[in-house]
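Reading through the structure tokens given below for one structure.
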Amino acid sequence: MTTTKSTLPGKRLLALGAGLLLAVPLVSAVGLAAPAPRASAAAATTEAESPDYASEILGDPWDYSNSSDQNTDASTADKISVSGGHLNLTVRGGQSFNPIWTEPGSLPTGRDGSLHPVDTSRYTKLSFEMNQPSNGQGVVYFFTCAQQLPSCAGGQTFPLVAGDHLYDLTLTSKSNVGAKIAWKGAHVVALRMVPMNRPANSSAANVSVNWIRLYDPSTPHGAYPPGNYSGFSVTPRPLAVVDSPNNTQGTDVTTAQGRPQNVFTGGAVPG
């Protein structure tokens, strides 16, 4: 599903990449203050939502409007849940969660990343809105093997800013974790996020993620999900639907058309 994000004052877009931390006004959503005045119709511009992995490949954006947006087993957090339009975590140390997960040694099904590897030449940026209490460091890892070993890992660290902020990472920037594998051209089957990279004996902290976009930066405001912002708005792209009733892969055609088809099979016919 697509949610509408409203512009609130006091929020910042943190553009991260190649050692750059750039703060510019804006962003969406978590009710820190009353909404800022809407831009005038003459000043506002409208653009289509930029392509993103979850919407295009899975048919369901990572907006945490439903439990399918995160496999809660693909996490080391003390607590993790999807509720209220957010991914909510309690973490300590370097605990993590995987927006893209895969199960080594098993036949990939549903949203498994081995079944849906990332097109790293198309989706080159990662944006997300996260609320956390630290000014420390976060980490994004990606893996080119289902075992998710350090030898098949790349990624980057990024500076955290306490509070509710939108982060925008350039994944093609220099990889500085794991085996330092470069993003572009890699066969990525898993994506892991460490919201707060701290010592193992650190106290537990609560983290809330409003949405994540692994996106193609082909529009001026590609980092942003659909919604109305100060001076511009982003309209949603059509979501893909699948032609079979597999609810892990988006909305099937018959349900989208208001006439779902349910097939029931009984036991063996006597005789």
**Q.** Residues of segment 179-222 that turn out to be within 14 Å of C152 (Cα to Cα) and either under 18 Å from the mean Cα position of the chain (by Cα) or surrounded by 21 or more Cβ atoms within 10 Å (Cβ to Cβ) (or both), as a count
**A.** 6
Q) Between residues in segment 36-60 that are closer than 18 Å to L115 by Cβ and among the hydrophobic types (A, V, I, L, M, F, W, C) and residues that are modelled with pLDDT under 95 and assigned to a loop (DSSP other than H, G, I, E, B), which pairs lie under 9 Å by C-beta distance while being six or more apart or on different chains? A) I57/A240; L58/A240; L58/G250
Q) Within segment 118-133, can you find the residues that are touching a strand residue (DSSP E or B) at 6+ places or on another chain (Cβ under 8 Å) and surrounded by fewer than 17 Cβ atoms within 10 Å (Cβ to Cβ)? A) P133
Q: Taking T255 as meeting all but one of (1) modelled with pLDDT under 85; (2) assigned to a loop (DSSP other than H, G, I, E, B), write down the number of the exception.
A: (2)
Q: Answer yes or no as to whether E129 is touching a His at 6+ places or on another chain (Cβ under 9 Å) and of a type outside the set (V, I, T).
A: yes
Q: Would you point out which residue out of S127, S134 is among the hydroxyl-bearing types (S, T, Y) and more than 22 Å from D216 (Cα to Cα)?
A: S134
Q. If the Cβ limit is 8 Å and pairs must be 6+ apart or interchain, which residue in segment 177-194 that is of a type outside the set (K, R) pairs with which residue that is exposed (fewer than 13 other Cβ atoms within 10 Å of the Cβ)?
A. G178/P150; G178/S151; A179/P150; A179/S151; G185/S121
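Per-residue answers, yes or no, for (1) of a type in the set (A, V, I, L, M); (2) at pLDDT below 95; (3) within 23 Å of I57 (Cβ to Cβ); (4) out of contact with any strand residue (DSSP E or B) (no Cβ under 6 Å at 6 or more places or on another chain):
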{"site": "T170", "(1), (2), (3), (4)": "no, no, yes, no"}
{"site": "S175", "(1), (2), (3), (4)": "no, no, yes, no"}
{"site": "W183", "(1), (2), (3), (4)": "no, no, yes, yes"}
{"site": "M193", "(1), (2), (3), (4)": "yes, no, yes, no"}
{"site": "S203", "(1), (2), (3), (4)": "no, yes, no, yes"}
{"site": "V207", "(1), (2), (3), (4)": "yes, no, no, no"}
{"site": "S218", "(1), (2), (3), (4)": "no, no, yes, yes"}
{"site": "P225", "(1), (2), (3), (4)": "no, no, yes, no"}
{"site": "S230", "(1), (2), (3), (4)": "no, yes, no, yes"}
Q.
I'd like to check something: does segment 44-67 contain any residue that is over 21 Å from the mean Cα position of the chain (by Cα), at pLDDT below 50 and among the hydrophobic types (A, V, I, L, M, F, W, C)?
A. no
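The values are calculated or read from the model by the stated rules, or taken from the named source; none is laboratory data. Keep in mind that what you see is a predicted model, and the values were worked out from it rather than measured. Note that each Cβ is placed from the backbone with ideal geometry, even for glycine, and that neighbours are counted across all protein chains shown.
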